[in-house]
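Below is one structure, written out as structure tokens, with a few remarks after it.
All of the numbers you see were taken from the coordinates with simple rules; none came from a lab. Keep in mind that this is a model prediction, so the values were computed, not measured. Note that we place each Cβ from the backbone using ideal geometry, even for glycine, and neighbour counts take in every protein chain shown.
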């Protein structure tokens, strides 16, 4: 397997929607209620994707409605993030720096809120030119008040070309034939579906919850499985090796 920096692309999905618990405390109880009801459905190995998808749309729609009710002001987002405990994984700086230095595109897929995620990355001073975020974005009134979320809605199981059709930047990645995919759910495995001409793909899965119950499925689907690992240490080690060889 030959990896060249000029042909590499990294797809990342390690940002859970429950980060909103620390960002919007006024609706934390309601958001937690939704999580407790829908999350077991999301990870249920006995349910089909066809069963799960409509329920994921239902979950995300209800969560977005709760946030809209808060009448969030666009100008307050930076302060909300600054005063919260939201943070990136340990090792994030080396991860972002390595990819930027070597001109490797980083696509971050998030079923959370893109405006919030971008601000977290921006305040960490790693929102480089090679970073692209695909997520759910807020839409604001002329007065700067959140009124709704822009479509299409992105949830756990549609982080793929179904929401990327027509994205000019993604279409320009036809020369990127070697992919490192980082995910923390079974739904993240389809993130590379929209990339043409894939020759090499390394799938790294972060298994953080119900480890014993889900280990088998993860080992069958991901090339590397990291259990209860809240860092990017292993990923950074792999990147150092690949980038040193190219």
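Below, the figures for the structure above:
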{"quantity": "Rounded FRET efficiency, nearest 0.05, which uses the C-beta distance separating residue 47 from residue 200 and R0 of 45 Å", "calculated": "0.90"}
{"quantity": "Where labels lie 7 Å past Cα in the beta-carbon direction, separation of residue 139 and residue 74 in nm", "calculated": "1.3"}
{"quantity": "Computed over the chain: relative contact order in percent, which uses C-alpha pairs under 8 Å that are six or more apart", "calculated": "24"}
{"quantity": "Degrees between helix 92-101 axis and first principal axis of the chain (Cα, 0 to 90, nearest 10)", "calculated": "60"}
{"quantity": "Using a Förster distance of 41 Å, the FRET efficiency for residue 61-residue 124 (Cβ separation, nearest 0.05)", "calculated": "0.90"}
{"quantity": "Acute angle (nearest 10 degrees) that the helix 233-245 long axis makes with the longest principal axis of the chain, alpha-carbon atoms", "calculated": "40"}
{"quantity": "Euclidean distance between Cα centres, region 70-88 to region 130-147, Å", "calculated": "13"}
{"quantity": "Theoretical ellipticity at 222 nm over the chain - DSSP helices of four or more residues, -39500 (n - 2.57) apiece, nearest 500", "calculated": "-11500 deg cm²/dmol"}
{"quantity": "For region 5-245, diffusion coefficient by Stokes-Einstein and Kirkwood Rh (Cα), 25 °C, 0.890 mPa s, µm²/s", "calculated": "131"}
{"quantity": "Residues 58, 118, sorted so that the one with the fewest Cβ neighbours within 10 Å comes first", "calculated": "58, 118"}
{"quantity": "Exposure proxy order (Cβ contacts within 10 Å, fewest to most) of 90, 44", "calculated": "44, 90"}
{"quantity": "Order of 50, 199 under a 10 Å beta carbon neighbour criterion, fewest first", "calculated": "50, 199"}
{"quantity": "Length released on extending from residue 83 to residue 223, taking residue separation times 0.36 nm less the Cα-Cα span", "calculated": "46.7 nm"}
{"quantity": "Nearest 10 degrees, 0 to 90: helix 211-221 Cα axis against the chain principal axis", "calculated": "50"}
{"quantity": "Cα-derived Rg to Rh of region 73-168, Kirkwood definition", "calculated": "0.98"}
